[in-house]
Amino acid sequence: MYYNPYPYFVYANHYPSWVMPNYPTPSPFPRHLAMPTNPANNSPFPPVDTHKLVASAKRVQTIIRQAQLLTDKINESQQFAHNLMNAAQLSNKTEVDKLIASTGITIKFDTKYTPDNLRVLFTESDCCGLTLNLHW
């Protein structure tokens, strides 16, 4: 006998065919369980409004430019990259923050680091943010 460890019946074709003799072939997914296709159907979600999404996308572009300042400085200056990596490995948060701020970043950021990476979290008010992960 086939043992079902679950006390409920999930799918019509859940059991092997030898357990349920004379059972009809699997039918299409029941209509009442399918995703609604009628727009007049009462949706549990609010209507789509893209204004906030577009505003967030514009603000993220400024955050990306700020992150670009940091990555450009790391690419251009071997000494800056060395100082940043050394301060992060020594867990000197004030020095890491000072070095990052010296690149010209004007938005709020937070740094987290481990011995093998640096994570910079850029945030712009309450709308959006960007996480930059740099590994070494």
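Read the figures in this text as sums done on the coordinates, not as results from a lab. Model, not experiment: these values are computed from the prediction. Neighbour counts run over all protein chains shown; Cβ positions are idealised from the backbone, glycine included.
Check region 90-97 and report whether any residue there is farther than 27 Å from SER125 by Cα, in contact with a Leu (Cβ under 7 Å, 6 or more places away or on another chain) and in contact (Cβ under 8 Å) with a residue 12 or more places away in the chain. Checking region 90-97: not a single residue is farther than 27 Å from SER125 by Cα, in contact with a Leu (Cβ under 7 Å, 6 or more places away or on another chain) and in contact (Cβ under 8 Å) with a residue 12 or more places away in the chain.
Residues of region 83-136 being among the hydroxyl-bearing types (Ser, Thr, Tyr) and assigned to a strand (DSSP E or B), which ones? Full working, then the answer.
Let us first name the residues in region 83-136 that are among the hydroxyl-bearing types (Ser, Thr, Tyr), namely 91, 94, 102-103, 106, 111, 113-114, 123, 125, 131.
Within region 83-136, THR111, TYR113, THR114, THR123, THR131 meet the criteria.
In the set (1) loosely packed, with under 13 Cβ neighbours inside 10 Å; (2) in a helix (DSSP H, G or I); (3) not aromatic (Phe, Trp, Tyr), THR62 fails one condition alone, (1). Looking at ALA81, is it aliphatic (A, V, I, L, M) and within 18 Å of GLY129 (Cα to Cα)? When the stated conditions are applied, ALA81 does not pass them. Among the residues of region 86-110, those identified as surrounded by 17 or more Cβ atoms within 10 Å (Cβ to Cβ) and either of a type outside the set (Gly, Ala, Ser) or closer than 13 Å to ILE64 by Cα (or both) are VAL96, LEU99, ILE100, THR103, ILE105, PHE109. For region 65-82, taking the residues that are of a type in the set (Gly, Ala, Ser) and assigned to a helix (DSSP H, G or I), the one that is nearest to the chain's Cα centre (by Cα) is identified as ALA67.
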